[in-house]
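Below: one structure, written as structure tokens.
Read the figures in this text as sums done on the coordinates, not as results from a lab. Quick caveat: nothing in here was measured; it's all calculated off a predicted structure. Using ideal geometry, Cβ is built from the backbone for each residue, glycine included, and neighbour counts are taken over all protein chains shown.
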Amino acid sequence: MILDRFKLDGKVAIITGGGRGLGRAMAVRFANCGADIVAAARTLDQLNETRALVEAAGRRCLVVPTDVGRSDDVNAMVAAAVKEFGRVDVMVNNAGIGEDSFGKPIDQITDNEWRRGIDVNLSSQFFCARAVIPHMLRAGRGKIINVASGYGLRGGKHNYMYACSKGAVLQLTRSLALTYADNHIQTNCIVPGIFPHNEAMMKFFKGGKFIPIGRPGNDEDVGPLAVFLASDASDHINGELIIIDGGGLAGGVVPTGVAPGNPA
């Protein structure tokens, strides 16, 4: 049956940024499809909430507090996953941060702000891939799912670390995909558009009125796509950037930050 290829029974997935938002939504959807989860983030209370949802779906969930911008933390996270489950089948590089310095002129952005934005959004994905690929090579297969942003494809006013790091994630995806294709390790990238998590974001993006589909994304919209990329059904998909934005980029208006009425 074709639907059997979408099952994740017996697989182990690490999901960074797994305490809330897209990460939590993917963790729950993976669990619904049969996977055990390693949820990593900095906030333990949020991770425990994710664990409760995964366990309610009948799967196991290992919680590992992790700062993905630190390679030692990432190495310890993967080691904990292998110790607990004996394997890592899927690595979802979802963790990321926006810019605290958004709106600052470039000459006022500090070195620390630049490095933090690049490390959490880009270096973290490199660290995670570096840590899991040896285990996937031994297993003879694996799936890496990076998460970027529409800002990786287009620029934005006063948007430096976020746009630069997310653009680089696209290239990291392609390089990993080409390097490990003959080892049966597929790397693909989910490129979300506008997924607001607070009223300020909703206001900035005018409630999604400029998105052709008529609304911004919900966290749950990403889960089925992530399941597909983690499953055997996507074995011939490699190095792809899959945009999920309700047609925003196709419409050519968002997410540049210069849509009519935006103050940026």
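How many lysine pairs are close in the chain, with Cα atoms under 16 Å apart and the two 8 or more places apart or on different chains? Write out the running numbers ahead of the final one.
On the way: LYS7/LYS143; LYS11/LYS83; LYS11/LYS143; LYS104/LYS157; LYS157/LYS166.
Counting lysine pairs in the chain gives 5.
So if I take the alpha carbon set of segment 2-251, get Rg, then get Rh from the Kirkwood formula, what is the Rg over Rh ratio?
Values: Rg = 17.3 Å, Rh = 18.2 Å.
Checking Rg against Rh, the ratio lands at 0.95.
Which residue, chosen from GLY246, HIS197, VAL74, occupies the Cα position most advanced towards the positive end of the dipole of the chain, where the dipole is computed from +1 (Lys, Arg) and -1 (Asp, Glu) charges on Cβ about the Cα centre?
GLY246
At 7 Å along the Cα-to-beta-carbon direction for both HIS197 and LEU178, put a label point, then send me their distance in nm to one decimal.
About 3.3 nm, to one decimal.
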